[in-house]
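J.: One structure, pasted below without further comment.
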Number of protein chains: 2
Amino acid sequence: MNQVALRFSREEYAARIAKARAAMADKGIELLLVTDPSNMAWLTGYDGWSFYVHQCVVLAPDGEPVWYGRGQDANGAKRTVFMDHENIVGYPDNYVQSTERHPMDFLAGILRERGWDRRTIGVEMDNYYFSAACLESLRRNLPNARFSDATGLVNWQRAVKSPAELEYMRRAARIVEAMHTRIFDLIEPGMPKHELVAEIYRTAVRGADGHGGDYPAIVPLVPSGVDASAPHLTWDERPFEKDEGTFFEIAGCYRRYHCPLSRTIYLGKPPQKFLDTEKAVIEGIGAALEAARPGNTCEDVEAAWRKVIARYGIEKESRCGYPIGLSYPPDWGERTMSLRPGDKSVLQENMTFHLIPAIWQDDWGLEITESFRVGPSGAEPFCNYPRKLFVKD
Amino acid sequence: MNQVALRFSREEYAARIAKARAAMADKGIELLLVTDPSNMAWLTGYDGWSFYVHQCVVLAPDGEPVWYGRGQDANGAKRTVFMDHENIVGYPDNYVQSTERHPMDFLAGILRERGWDRRTIGVEMDNYYFSAACLESLRRNLPNARFSDATGLVNWQRAVKSPAELEYMRRAARIVEAMHTRIFDLIEPGMPKHELVAEIYRTAVRGADGHGGDYPAIVPLVPSGVDASAPHLTWDERPFEKDEGTFFEIAGCYRRYHCPLSRTIYLGKPPQKFLDTEKAVIEGIGAALEAARPGNTCEDVEAAWRKVIARYGIEKESRCGYPIGLSYPPDWGERTMSLRPGDKSVLQENMTFHLIPAIWQDDWGLEITESFRVGPSGAEPFCNYPRKLFVKD
């Protein structure tokens with residue numbers, strides 16, 4: 001048996017694989033190619049920044065999963081996955097970023113060798129790490145296979161968290177609390193933005209409560225003033241200015257498990273529109289958290305939020321939340337449910353979400369968010385950090 | 001005219017677009033969909049962490065490029081791209097991570113409106129941000145279009161750097177020098193690894209020489225001991241130990257332009273195998289840098305390196321370098337050329353590479369690397385940092 005320091009018990013990996021196989025059977029999938037690094041890690045423990053080249057986990061209805069990746073990364077797999085080394089398969093380096101041969105060509109040969117080339121093969125059609133060229137290669141090389149869209153198949157199995165996963169997310173929560181505390185301590189007019197971001201990173205990786213931090217799947221999003229009208233700007237070297245609001249959309253991360261939390265800081269006396277929006281958002285968050293109980297749907301949570309802000313004359317088109325947990329760049333969400341109209345997914349206890357009822361206006365923005373676990377009678381926020389617009393005058 | 005603080009002159013963007021259009025014409029491509037965030041930024045200035053949802057730049061043979069992305073991110077485009085606002089087009093939020101509709105469905109409608117739906121459309125078939133589902137959607141929605149593989153088409157235009165780009169890379173070089181200096185100052189047996197990584201991040205973002213740092217497209221890769229047999233492990237919370245080597249594969253980044261540089265530190269007295277390998281690698285780097293002159297090919301550079309290490313009885317299967325510059329996660333390479341046998345790409349002045357002749361053995365590893373510009377008579381390294389195995393006893 002492979003001796004590695006796994007992050008979860010072998011029983012937990014076995015349970016995850018059983019869930020994934022049940023979902024495969026439901027969809028008539030006889031072989032699953034898992035290219036999403038988050039899904040690869042969840043099923044096997046694999047952890048490494050190798051997803052910039054093609055790789056996957058191959059899951060058949062029985063036997064161990066097979067890790068497939070670049071030859072040089074097989075050593076990383078040997079250091080992190082639970083499987084026997086015979087189920088760690090590397091491809092030659094001249095397949096890397098080549099215009100003449102594709103790593104999925106080589107994989108097709110392996111699938112043929114194992115007698116898996118006439119199956120219904122599930123592929124993650126809409127994943128960053130399954131390009132159009134991947135599918136073309138598989139179709140060309142495996143003419144007897146049928147391909148079935150398995151986007152999100154494994155992601156859905158990840159929705160309800162285990163006790164061990166929740167513990168990792170709680171550690172991530174302590175980290176993001178420390179990050180926000182540090183931000184509020186340091187921010188002041190004149191401080192160049194990158195100097196503050198440097199401290200955010202330092203705090204994120206030093207960790208909290210005796211637990212070190214991992215890299216969040218999204219970098220700090222910290223726009224000020226008019227830039228805060230845009231949700232996804234990163235940072236620059238300009239100083240913070242008086243009479244400007246900045247939101248800090250950041251996450252703590254512990255062993256790839258995330259706890260995002262956003263807060264907004266206004267330097268100076270906030271204009272009335274900030275205060276009015278703060279009031280609406282906080283009341284809306286309260287209503288949404290209360291609605292986030294087992295049996296309710298995703299759209300119920302959004303409706304509770306929307307009902308409140310409508311009374312304040314605020315509209316928000318974009319979704320107000322998504323599931324969170326284990327993740328790799330470029331997204332810390334799980335890409336299954338969305339808290340928005342039309343999403344009738346039913347909440348279950350121990351699902352985990354980032355409620356992000358952000359308000360982006362034409363020339364300013366405000367984010368106050370909460371990450372939570374669905375508890376037996378409503379949402380239980382992971383963080384204990386003041387839910388308000390922060391003001392430093 | 002759109003008033004934004006662009007990172008390069010409008011003339012430079014115009015020249016880039018002209019190069020891309022010439023390449024399109026060469027390949028008979030009448031419309032180009034650019035999904036690689038690095039290519040999007042290079043052509044238009046767009047910068048934001050929004051590539052976790054579908055987006056692209058649409059480039060026709062004339063007129064301004066069109067930025068296409070999530071509605072809420074249109075504000076970020078307005079803050080960063082040179083185009084008029086009429087060429088910034090957002091899609092509704094219910095297309096985000098939906099199982100019922102795909103952002104490329106919506107784009108197809110826009111292409112039809114503009115009369116672009118019967119063209120030969122170039123798509124980046126093998127890019128992280130062009131999934132198999134993207135192509136399926138376009139094929140389904142645009143039955144009169146022909147699709148042509150444009151993987152790397154824009155990337156190739158980026159190979160030769162402008163003076164302004166080289167200046168950004170020099171600033172990134174100062175940053176990575178500062179990062180390595182900080183590492184060597186702080187590392188010692190007993191220091192938990194994440195504590196050192198926290199300082200690496202802090203130094204990277206604080207920057208150097210009066211210039212703040214941006215986030216590198218790859219996180220610090222800092223494996224120790226046996227873990228250093230694997231190229232892409234990140235970090236954990238274990239302390240550094242005496243009598244162990246650790247390599248630090250990191251990059252400085254300035255406004256998305258990268259300068260990677262790896263060094264290895266041994267805590268204690270290095271075993272002979274480290275010293276022998278150090279000698280071979282340094283001599284091999286010297287030979288490779290000398291071979292990296294205009295007119296030589298990528299494989300010439302690799303051959304010069306391989307010839308040296310063969311004399312020391314060392315073999316290395318994987319490529320020993322790749323082009324660098326502007327990049328977004330998950331890769332700081334440009335994904336065009338590779339320094340390896342068979343790559344007959346001809347070097348031109350002001351191409352820029354990361355020479356990474358890393359040695360990963362079964363239970364240890366050593367990385368000493370250089371990033372360089374192809375100068376008129378050979379490589380000119382960006383960094384001025386001792387090229388050696390560092391030892392702290």
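J.: Where residues in the stretch B:286-301 are in contact with a strand residue (DSSP E or B) (Cβ under 6 Å, 6 or more places away or on another chain) and among the hydrophobic types (A, V, I, L, M, F, W, C), which of them is nearest to B:P381 (Cα to Cα)?
T.: B:L289
J.: Say we look at the stretch B:168-200 and pick out the residues that are out of contact with any strand residue (DSSP E or B) (no Cβ under 9 Å at 6 or more places or on another chain) and either outside any helix (DSSP H, G or I) or more than 13 Å from every other protein chain (Cβ to nearest Cβ) (or both); which of these is farthest from B:P323 (Cα to Cα)?
T.: Among those that are out of contact with any strand residue (DSSP E or B) (no Cβ under 9 Å at 6 or more places or on another chain) and either outside any helix (DSSP H, G or I) or more than 13 Å from every other protein chain (Cβ to nearest Cβ) (or both), it is B:D185.
J.: Would you point out the residue of the stretch B:106-123, among those that are among the aliphatic types (A, V, I, L, M) and away from chain A (no Cβ under 14 Å), that is surrounded by the most Cβ atoms within 10 Å (Cβ to Cβ)?
T.: Looking at the filtered set, the residue picked out is B:L107.
J.: Now, a different point. Kindly indicate whether any position in the stretch B:151-167 is within 21 Å of A:F130 (Cβ to Cβ) and either within 8 Å of chain A (Cβ to nearest Cβ) or open to solvent by 20 Å² or more (accessible area, probe 1.4 Å) (or both).
T.: Taking every residue of the stretch B:151-167 in turn, at least one turns out to be within 21 Å of A:F130 (Cβ to Cβ) and either within 8 Å of chain A (Cβ to nearest Cβ) or open to solvent by 20 Å² or more (accessible area, probe 1.4 Å) (or both).
J.: Which of the residues spanning the stretch A:51-69 are facing another protein chain (nearest Cβ under 10 Å) and surrounded by fewer than 23 Cβ atoms within 10 Å (Cβ to Cβ)?
T.: A:Y52, A:V53
J.: Consider B:A204 against the criteria (1) assigned to a loop (DSSP other than H, G, I, E, B); (2) closer than 16 Å to B:R174 by Cα: it satisfies all of them except one. Which criterion is unmet?
T.: (1)
J.: Next up: Give me a count of the residues in the stretch A:179-221 that are more than 22 Å from B:D47 (Cα to Cα), open to solvent by 30 Å² or more (accessible area, probe 1.4 Å) and out of contact with any Pro (no Cβ under 8 Å at 6 or more places or on another chain).
T.: Count: 11.
J.: Let me ask another. Residue under question is B:Y266, and the condition is that it be touching a residue at least 60 places away in the same chain (Cβ under 8 Å) and within 13 Å of chain A (Cβ to nearest Cβ); does it hold?
T.: Here the answer is no, as B:Y266 does not meet what is asked.
J.: Consider the stretch B:15-58. How many of its residues are more than 24 Å from B:W332 (Cα to Cα) and outside any loop (DSSP other than H, G, I, E, B)?
T.: The qualifying residues number 7.
J.: Here's another thing I want to ask about it. B:P37 - would you say it is within 11 Å of chain A (Cβ to nearest Cβ) and in contact (Cβ under 8 Å) with a residue 60 or more places away in the chain?
T.: Criteria met by B:P37.
J.: When you scan the stretch B:292-393 for strands (runs of 3 or more DSSP E) that lie fully inside it, which ones turn up with 1 or more residues that are touching a Leu at 6+ places or on another chain (Cβ under 8 Å) and open to solvent by 10 Å² or more (accessible area, probe 1.4 Å)?
T.: The strands (runs of 3 or more DSSP E) meeting that bar are B:321-323, B:370-375, B:378-381, B:390-392.
J.: Restricting attention to the stretch B:207-249, which residues are assigned to a helix (DSSP H, G or I) and within 8 Å of chain A (Cβ to nearest Cβ)?
T.: Matches in the stretch B:207-249: B:V226, B:D227, B:S229.
J.: Further question on the same structure: Quick one: what pairs do we get from the stretch A:124-142, first residue more than 7 Å from chain B (Cβ to nearest Cβ), second acidic (D, E) and open to solvent by 10 Å² or more (accessible area, probe 1.4 Å), C-beta under 6 Å, 6+ apart or different chains?
T.: Pairs found: A:S137/A:D105; A:N141/A:D105; A:L142/A:D117.
J.: OK, next. Tell me, please, whether a residue that is of a type in the set (V, I, T) and open to solvent by 20 Å² or more (accessible area, probe 1.4 Å) can be found in the stretch B:23-46.
T.: No: the stretch B:23-46 contains no residue that is of a type in the set (V, I, T) and open to solvent by 20 Å² or more (accessible area, probe 1.4 Å).
J.: For the stretch A:249-259, does any single residue satisfy the condition of being touching an Asp or Glu at 6+ places or on another chain (Cβ under 8 Å), under 25 Å from B:Y257 (Cα atoms) and crowded, with 23+ Cβ neighbours inside 10 Å?
T.: The answer is yes; a qualifying residue exists.
J.: In the stretch B:254-268, is there at least one residue being touching a helix residue (DSSP H, G or I) at 6+ places or on another chain (Cβ under 9 Å), under 23 Å from B:I324 (Cβ atoms) and assigned to a helix (DSSP H, G or I)?
T.: no
J.: Here is a further query. Among the listed residues A:A287, A:A280, identify the single one that is touching a helix residue (DSSP H, G or I) at 6+ places or on another chain (Cβ under 8 Å) and open to solvent by 10 Å² or more (accessible area, probe 1.4 Å).
T.: Just one listed residue meets the conditions, A:A287.
J.: Take the stretch B:325-381 and flag every residue that is on the phi > 0 side of the Ramachandran plot and away from every other protein chain (no Cβ under 14 Å).
T.: The answer is B:G325, B:N350, B:G378.
The values are calculated or read from the model by the stated rules, or taken from the named source; none is laboratory data. The structure presented is a predicted model; accordingly, all values stated were derived computationally and were not measured. Reconstructed Cβ throughout: ideal geometry from the backbone, glycine too, with neighbour counts over all protein chains shown. In case anyone asks, the SASA skips ligands and DNA or RNA and just uses the protein heavy atoms, side chains included. Shrake-Rupley method; radii C 1.70, N 1.55, O 1.52, S 1.80 Å.
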